[in-house]
Amino acid sequence: MSTTRTTMVRRGPAEPSGPAVAPPDPGLASTPEPTATVYESALTLIAVVRRHGATDAQILNATGIDVRRLKGPLARVPLSRLEKLWDFAAQVTGNPGIALQLHQYYPENKLHFVAHLGMRARTLREALISWRQYASLVCEADEVDFAVDGSVARFIYRCRDPRYESRWFAEHFLSLAAWFALSFTAAPLRAHQVNFMHPDPGCPEAYRQAFYGAPVNFLATENSIVFDAQYLELPFCTADSYLQHFLKEQAEELKRRLERDTPVSNRVMFAISALIQRGEEVSFERVSEVLEQPPRKLRQQLEAEGRRFRDLVDEVRRHSAARYLKWGLSITQMTEMLGFSEPSALQHAFRRWFRATPGALRAQMKSGDPTSD
């Protein structure tokens, strides 16, 4: 198989016309925080840090997660607390590759409901379609997808909330995909390459084991596994159409309930972020299509929450730009990935968002200025 790096072309929209009204740094509270299920990743992380001597009081102090409240299969936690749990687990275990290896610690047959649904599919293709449809049941901000270009396919993970594009989530989902493919087809997924948007964290052996020695690229334009498209037709040894039928009915009900309880501004922000990351047009009409809502009704719902579409587009771009700058992406990369017409437009946006140039802000981040994160 070829191991040359795939160039991913993104044709993003130009910067929206008109003044963008957004405070320089409104913080995480500007839009309600998404939640993630505790089953099974969070529960496994807690079990791992406990085995390394961490107490429930220490977990609460470090992450804000009260272990006593994690009762029932539908328990959820704010995404920022899950991100802190990943950080805490890496610190306690001394293992920077823990997200690539966490599935090794899962109790036998203890998988999330969405995984059980996917493993009942007939083929890898059908399983990925199922995962794409119900990924939000695991975390409201999660999006998984796959694309086929001739004889090559890509499995893609995106975090649709730019405030939480932690490397832990991308590493966990891509390593899970490789593990699921082996577990459910009995054939290892031999990838051409694996791409991550974050910088190299310096744990090459963990990556080698997770992806069977495939070459790994960092600071890429997406989080993805590139593999032969023929793998999509591999039959699942765990297929069960009878059980799949009933699991899908339950998944649809849970999805309706979750969408009903999610603020409209969050759903719009998720759609904006996903479109930007895919390199697609970002317009109110396109977001309405993605959310399957009539534009007039969607605008009324946003106004009822006191939010404007233009502000949400600006918020998504601002949080994404700060994250990408911290990771070390170039201005050229960020211009393309965020859909600006040219680098000067992004430079102007940085001065409006942060009252600093990208270079000055990057220097603040490197110096450890607590106000620059």
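The values are calculated or read from the model by the stated rules, or taken from the named source; none is laboratory data. None of the values given here were measured: they were computed from a predicted structure. Ideal geometry is used to build each Cβ from the backbone, glycine not excepted, and the neighbour counts take in all protein chains shown.
Okay, residues lined up against (1) in contact with a His (Cβ under 8 Å, 6 or more places away or on another chain); (2) β-branched (Val, Ile, Thr):
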| site | (1), (2) |
| --- | --- |
| 197 | no, no |
| 208 | no, no |
| 211 | no, no |
| 216 | no, yes |
| 222 | no, no |
| 227 | yes, no |
| 231 | no, no |
| 235 | no, no |
| 248 | no, no |
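Would it be correct to say that residue 280 is touching a Ser or Thr at 6+ places or on another chain (Cβ under 8 Å) and either part of a loop (DSSP other than H, G, I, E, B) or outside the structural domain of residue 166 (by TED's automatic domain parsing) (or both)?
Taking the combined requirement at face value, the residue does not satisfy it.
So the check is Cβ under 7 Å with 6+ separation or different chains; which pairs have a first residue in segment 122-135 that's within 23 Å of residue 37 (Cβ to Cβ) and in contact (Cβ under 8 Å) with a residue 24 or more places away in the chain and a second one that's surrounded by fewer than 20 Cβ atoms within 10 Å (Cβ to Cβ) and among the hydroxyl-bearing types (Ser, Thr, Tyr)?
Pairs found: none.
Among the numbered criteria (1) without any contact (Cβ under 8 Å) to a residue 24 or more places away in the chain; (2) in the same structural domain as residue 170 (by TED's automatic domain parsing), which one does residue 227 miss?
(1)
Consider residue 262 against the criteria (1) β-branched (Val, Ile, Thr); (2) crowded, with 18+ Cβ neighbours inside 10 Å; (3) touching a residue at least 24 places away in the same chain (Cβ under 8 Å): it satisfies all of them except one. Which criterion is unmet?
Only one criterion in (1) β-branched (Val, Ile, Thr); (2) crowded, with 18+ Cβ neighbours inside 10 Å; (3) touching a residue at least 24 places away in the same chain (Cβ under 8 Å) is unmet by residue 262, namely (2).
Here is a list: 212, 231. Which entry is at positive phi and touching a strand residue (DSSP E or B) at 6+ places or on another chain (Cβ under 8 Å)?
212
Of 206, 147, which residue is part of a helix (DSSP H, G or I), surrounded by fewer than 21 Cβ atoms within 10 Å (Cβ to Cβ) and at pLDDT 95 or above?
206
Among the residues of segment 179-200, is there at least one that is among the aliphatic types (A, V, I, L, M), part of a helix (DSSP H, G or I) and either assigned by TED's automatic domain parsing to the domain that holds residue 278 or without any contact (Cβ under 8 Å) to a residue 60 or more places away in the chain (or both)?
Within segment 179-200, the first condition is being among the aliphatic types (A, V, I, L, M), and the residues that meet it are 181-182, 186-187, 189, 191, 194, 197.
From what's left, part of a helix (DSSP H, G or I): 181-182.
After this cut, where a residue has to be either assigned by TED's automatic domain parsing to the domain that holds residue 278 or without any contact (Cβ under 8 Å) to a residue 60 or more places away in the chain (or both) as well, the list is 181-182.
Yes, segment 179-200 contains a residue that is among the aliphatic types (A, V, I, L, M), part of a helix (DSSP H, G or I) and either assigned by TED's automatic domain parsing to the domain that holds residue 278 or without any contact (Cβ under 8 Å) to a residue 60 or more places away in the chain (or both).
Against the condition among the polar types (S, T, N, Q) and in the same structural domain as residue 152 (by TED's automatic domain parsing), how does residue 238 come out, does it pass?
no
Does residue 308 satisfy the condition of being closer than 18 Å to residue 32 by Cα, free of Cβ contacts under 8 Å to residues at least 60 places away in the same chain and of a type in the set (Lys, Arg)?
no
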